[in-house]
Amino acid sequence: MTILVTGGAGFIGSNFIFYERAHHPEDRIVCVDKLTYAGNLSTLAPVLNDPMFRFYKTDICDRKAVYAIFEEEKPDLVVNFAAESHVDRSIENPEIFLQTNIIGTAVLMDACRTFGVGRFHQVSTDEVYGDLPLDRPDLFFTEETPIHTSSPYSSSKAAADLLVMAYHRTYDLPVSLSRCSNNYGPYQFPEKLIPLMIANCLSDKPLPVYGQGLNVRDWLYVEDHCKAVDLVLRKGAVGQVYNIGGHNEMRNIDIVRLICQELHKPESLITYVTDRKGHDMRYAIDPTKIHRDLDWLPDTKFSDGIVRTIRWYLDNRDWWGEIVSGEYQSYYERMYGNR
Ligand code: NAD
Ligand code: TDX
C-alpha cells in the first residue's frame, strides 16, 4: 500500500512516519509538507534515502500540485496531520489557520474524491470540544460532546471536522476522524509548553507560566498517539470519530516544576505572565470507544515518557538549538517580550 502523510515534517507527523516504517515496512510512505516554520526536513533524515519513502515540499492548499501528487502516487490511504497547530499564533493572526486547516483539508478531500482512496483520516484535537470546569473532575469529553470552540485554532480544526463528516455524508468519502489530547515527546517544536520549558531551563531563562498555571491538560506520549492513528486508519470504522487520550491530567504548574526538578534547576526561574486570551481551563478525554472497539491503550506512563522526552532534548540540542536561534527569536520576543 501507499500511505500519503501530510505534515510529516512536523512533530506528530514525523513520529507517525517513523512508526509506520518500523511497524509496516511493506507500506510506502509519501510525505507532503509545505515546510512552514514548524516543519523541519532534517527531522526526516532517517528516512530520506529510504526507497519506501518519498517527500514532496508542497502546500496542501495548492490544488494543482496536490492533484499532480495524487495522480503520480495513487495513494491507498491518506492521513492529514498538516495544520497550523499553535493556539497562541492563532490568537495573533488567525488567517493562515483558516487557510491551511480548513481549505487545505477540503483540497485534500477533493483529491481523494477525484482519484479514489480507501480512507481519508483527519487528525483532529480534543480542543474542538472546548473546555471543562476545574471543579467537575467527573466530566470528560466523549465523541458525543458538542463542538464548542474557544480559539481561532480550535475553531479552524472544528470547521475541518465538520467538512470531513459532510464529505462522508454527501459524497460517501470513506473518512475517519480522531481527536487526541496534548502530545509530548521527541521533535516537538519548542513553542509548545513542554519543549519550551525544557529549552528555557537548559538556558537558565525565565519559565513563562500563563495565569496561575492551574489549567489542566491530558498528556499523551506521541508514540501512543501514532499507534492509535495507525489503528483507526487500518481498522477503524468509516464515518466514525475516535477520541484518543490516556487519562493523564496534570496542571501546567506541576509539569513545569517537574521539569525543573529533573533538570536540577531552581523553581525561581518560574515567572507568572499574563494569561492567554480565552484560555481553556481543562481538557480530559474519555477514550472508552477506541479501547473497546480497537483494543487501544497507551503503553507509556507519563513518569517514563517525560524523562525520555527530557533526555531526548538533552541529547538533541542541535535539533532545537538551530530552531531557537532563528526566526523563533522574534516570535519569542513578540509573544513574551512585554507579557
Ligand atoms: P506541527 O506544527 O509540529 O506540524 C505541522 C506540520 O504541518 C509542519 O511540518 C508544517 O510544515 C506542516 N504544514 C503546515 N501548513 C501546511 C500546509 N499548508 N501544507 C502542507 N504542510 C503544512 O503540528 P503537530 O503538533 O505535529 O500536530 C499535527 C496535527 O495533530 C495537527 O493537525 C494538530 O491539530 C493535531 N493535534 C496536535 C496535538 C498536539 O498536542 N501537538 C494534539 C492533538 C491534535
Ligand atoms: O509558554 C507557555 N506557558 C504556558 O503556561 C506555553 C507555550 C503554554 N502554556 C500553557 C497553555 C496551556 O494551558 O500550557 C498549556 C499547554 O499549552 P500548549 O503547549 O500551547 O498546548 P495547548 O494550547 O494545550 O494545545 C496543544 O494541544 C492540543 C497543541 O498545541 C494543539 O495543537 C493540540 O490540538
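Write out the GluC sites (Glu not before Pro) in the range 20-92 meeting two conditions: DSSP loop, and at most 12 other Cβ atoms within 10 Å of their Cβ.
E26
At 0.36 nm per residue, and after removing the present C-alpha to C-alpha distance, how many nm does the segment from Q261 to K301 gain when stretched out fully?
Value of the extension gain: 12.6 nm.
Report the Rg/Rh value for the range 39-122, based on alpha-carbon coordinates and the Kirkwood definition of Rh.
1.00
Using a cut-off of 21 Å between alpha-carbon atoms, which lysines can reach K301, once sequence neighbours fewer than 8 places away in the same chain are excluded?
Within reach: K192, K227, K289.
Given R₀ = 51 Å, FRET efficiency for A65-S268 by Cβ-Cβ distance, to 0.05?
0.50
Using only DSSP helix segments of four residues or longer, with each worth -39500 (n - 2.57), what per-residue ellipticity at 222 nm results for the chain after dividing by its residue count and rounding to 500?
My calculation for the chain gives -12000 deg cm²/dmol from helical runs alone.
Using Cα pairs under 8 angstrom and six or more residues apart, how large is the relative contact order of the range 125-244, in percent?
The normalised contact order for the range 125-244 reaches 34 percent.
In whole percent, what relative contact order does the range 230-314 give with Cα contacts below 8 Å and a gap of six or more residues?
Relative CO of the range 230-314 lands at 47 percent.
If I fit a long axis through the Cα atoms of helix 252-262 and take the longest principal axis of the Cα atoms of the chain, what angle between them do I get, 0 to 90°, rounded to 10?
Helix 252-262 sits at roughly 70 degrees to that axis.
Got a sec? How would E262, E267 order by Cβ neighbour count within 10 Å, fewest to most?
By the 10 Å Cβ count, ascending: E267, E262.
Dipole of the chain (Lys/Arg Cβ +1, Asp/Glu Cβ -1, origin at the Cα centre): which of T114, M250, S203 lies farthest to the positive side?
S203
Classify the range 86-221 as rounded, prolate or oblate from the Cα gyration tensor: take a ≥ b ≥ c as the square roots of its eigenvalues, call it rounded if a/c is under 1.5, otherwise prolate when a/b beats b/c and oblate if not.
Because a/c hits 1.5 or more and a/b exceeds b/c, the range 86-221 counts as prolate.
No lab work stands behind these numbers, since they all come straight from the coordinates. Remember, predicted model here, so these are calculated numbers, not experimental data. Every residue, glycine among them, receives a Cβ derived from its backbone with ideal geometry; neighbour counts consider all protein chains shown.
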